[in-house]
Amino acid sequence: MKERNTMENSHQPKHVILYVDDEPSHLELFRKAFYQDFQVVTASSGKEGLEILKKHPVSLIVSDHSMPEMTGIDFLRQSIPLSPHATRVVLSAYSDKEILLKALNLGEVFDYVLKPWKRTDLKEILEKGLRAHENRVEKVKNLETLQDERDYLRREIKKVYNVDGIIGAHRGLQPIMDKIPSIAKSSSPIFIRGESGTGKELIARTIHNKSDRHNKPFIKLRVSLIGESDLDREIFGTTEQKGLIEMAQGGTFFFDEITELPLNLQKKLLTMILEKEIPLAGTPQTRPIDVRIIAATNRPIERVLEKGEFRRDLFYRLSVFPLTIPPLRERKEDIPHLIEHFLVEFNKEFHKNLTLSEEVVRYLLKYDWKGNVRELKDILERAVALCQGTTLHPQDFSFNAAAPEGDPSAMAPNLMSEVRYAEVESLKKQIKEARGNISEAARRMKLPISTLYHRLKKYGLIEPNMHN
């Protein structure tokens, strides 16, 4: 056992993190990266890690998955009785995705990070895990019986993993929010319409998290990211390999940009929904499937239907519960709430304590927000990151330089949005040309694969914790 930061030192940070890895160089790298932020204790095997947990309380456990004798998942599973309130994170390679998905679904791990990890990405997950640990410990102290504790932890874990970050009091959002509890009780398909950046995925995740399927996978596919020749195999799978829909068995599958699905696969999807059997690629064979389908588009669906680019029978079947999310420019009364929410988030991220001047909200209310909530979030993030003072003023917000000063409503689409759009389109093109293979795309772009993953996650082109 290596305890370079001893637990007896009262000057150490209060949170103790146990890191388990069989590679001494990895242990040293982790220790050097985080010793100033946390109290780091290391072990070179799962067995040694379990012995430490018998003697010392920890707040968070991080383990490499690929270790001899005992894998990281096995170690974390065995650590639960010894440290039930600790948060668990596993470091792993892309090839372990099915094992990791199962562990996530069973609640055995809080999150995972692909190797090689970046300090900033891993630190963000560690901090989230520690907040989850603090929430559990604080409330569990007040529980009187073991059964109360079990019931409480189930509710608390749901809160920690939940994505109910929908913010707004506008009358256009309220009908959707009112319907979500009822919609969540059903397993019928949902069709969500809304411009880019309005929060379609957030609505989909919220419905999943409030449903009886919340303990099963939520799998997202952005259709335009995968080459047409690979879509059939990737979505529906083959006799030898599960497709993405089957990986969501018992849970929810979210089709983003559903209108980009080729017509022949639209027919297969309709058949699957009607017959509750998944048609495997390249064969007449099928397998039983129990998945809730949520589909979304940012295109005007009526025009797509008129052009014959999307099957009407599939659209009607998906639209058992149709939802339309209004754009931000139609619910501007939500902007002050969103600004306040994002300011808290970015103050924490950038270790600042910025406040808003009185003019800022009035200034931002004038803008049209063609990029919706996502654009507002991006611009506020930039303002917080670059602000050198203690208060945000209108001049701290970077829009198109050609716009009249102090009047964002007169702006053309701002420069940041244009740059973002260009990069997103470039990334989509590269992934498509690589037939959905991210490793191949990284090779073609001459980028480290971790950098490409970071960009894909940044723009919401891939799940934060999955890399399909």
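The values are calculated or read from the model by the stated rules, or taken from the named source; none is laboratory data. Just so it is clear, the model here is predicted, and its values are computed rather than measured. Please note: Cβ atoms are built from the backbone with ideal geometry, for glycine as well, and neighbour counts cover all protein chains shown.
Table for the structure above
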quantity	calculated
Looking only at the range 226-258, and only at residues there that are of a type in the set (A, V, I, L, M) and in contact (Cβ under 8 Å) with a residue 60 or more places away in the chain, the one that is nearest to Arg435 (Cα to Cα)	Ile226
Subset of the range 352-395 (residues that are of a type in the set (Gly, Ala, Ser) and touching a His at 6+ places or on another chain (Cβ under 9 Å))	Ser357
Qualifying positions in the range 345-388 - assigned to a loop (DSSP other than H, G, I, E, B) and either touching a helix residue (DSSP H, G or I) at 6+ places or on another chain (Cβ under 8 Å) or surrounded by 19 or more Cβ atoms within 10 Å (Cβ to Cβ) (or both)	Phe350, Lys352, Asn353, Leu354, Ser357, Lys366, Tyr367, Asp368, Trp369, Lys370, Gly371, Cys387
Candidates Phe255, Phe310, Phe315, filtered to the one that is of a type in the set (Phe, Trp, Tyr), at pLDDT 85 or above, part of a strand (DSSP E or B) and outside the structural domain of Leu380 (by TED's automatic domain parsing)	Phe255
Selected residue (criterion: surrounded by the fewest Cβ atoms within 10 Å (Cβ to Cβ)) from residues of the range 321-334 that are modelled with pLDDT of 85 or more and in a helix (DSSP H, G or I)	Glu330
Output for the range 213-241, where each listed residue is of a type in the set (Gly, Ala, Ser) and in a helix (DSSP H, G or I)	Ser224, Ser229
Only listed residue being under 26 Å from the mean Cα position of the chain (by Cα) and over 26 Å from Lys102 (Cα atoms), chosen from Phe75, Phe34	Phe34
Selection count, the range 40-67, where residues are within 12 Å of Val20 (Cα to Cα) and outside any helix (DSSP H, G or I)	14
Conditions (1) out of contact with any Gly (no Cβ under 9 Å at 6 or more places or on another chain); (2) modelled with pLDDT under 90; (3) not hydrophobic (A, V, I, L, M, F, W, C); number of the one not met by Ser44	(2)
Those residues of the range 327-346 which are touching a Ser or Thr at 6+ places or on another chain (Cβ under 9 Å) and more than 30 Å from Leu265 (Cβ to Cβ), in sequence order	Leu328, Leu343
Number of the exception - His341 against (1) in contact (Cβ under 8 Å) with a residue 40 or more places away in the chain; (2) assigned by TED's automatic domain parsing to the domain that holds Lys210; (3) not hydrophobic (A, V, I, L, M, F, W, C)	(2)
Criterion (surrounded by fewer than 19 Cβ atoms within 10 Å (Cβ to Cβ), of a type in the set (Gly, Ala, Ser) and in the same structural domain as Lys276 (by TED's automatic domain parsing)) met by exactly one of Gly250, Gly243	Gly250
Considering residues of the range 50-72 that are within 25 Å of the chain's Cα centre (by Cα) and closer than 24 Å to Leu101 by Cβ only, the residue surrounded by the fewest Cβ atoms within 10 Å (Cβ to Cβ)	Ser66
The range 282-320, subset of a type in the set (Gly, Ala, Ser) and surrounded by 20 or more Cβ atoms within 10 Å (Cβ to Cβ), residue farthest from Thr238 (Cα to Cα)	Ala296
